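Structure, as structure tokens:
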Amino acid sequence: MWAFFSRRARLWLITVLVAPLASLVLGRLGTALERRKGPSTLSRGLQSGSRLLNRRRSKAKAKHRA
């Protein structure tokens, strides 16, 4: 089914559905891990990945509005 979508439609789906979901999951995993075992390289990395996806999404929205 994935092959039937055009390149632009696939990119749109990833941007709209997958990136926010991945950001949410990474953030929650990082927070949960930090609560259980304290700050670690892994928990900071997960939270950093979440922030990175949020920033990229914010920039894409701002670029699209301009």
Inter-label distance for Arg7 and Ser40, nm, one decimal - labels placed 7 Å from Cα along Cα-to-Cβ: 4.1
Rounded tilt (10° steps) of 19-37 against the dominant C-alpha axis of the chain: 0
Unit charges at the beta carbon, dipole of the chain: most positive-side option, Ser48, Leu26, Ala62: Ala62
Which labelled figure in [x] -0.54, -0.88, -1.00; [y] -0.41, -0.80, -0.90; [z] -0.30, -0.78, -0.99 is log10 I(q)/I(0) by the Debye sum over Cα atoms at q = 0.12, 0.20, 0.23 Å⁻¹, once derived from the coordinates: [y]
Student exercise, the chain dipole from Lys, Arg, Asp, Glu Cβ charges, in Debye to nearest 20: 260
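Only the coordinates and a few stated rules stand behind these numbers; no lab work does. What you see is a predicted model, and the numbers here were worked out from it, not measured in a lab. As a convention, Cβ positions derive from the backbone with ideal geometry for all residues, glycine included, and neighbour counts pool all protein chains shown.
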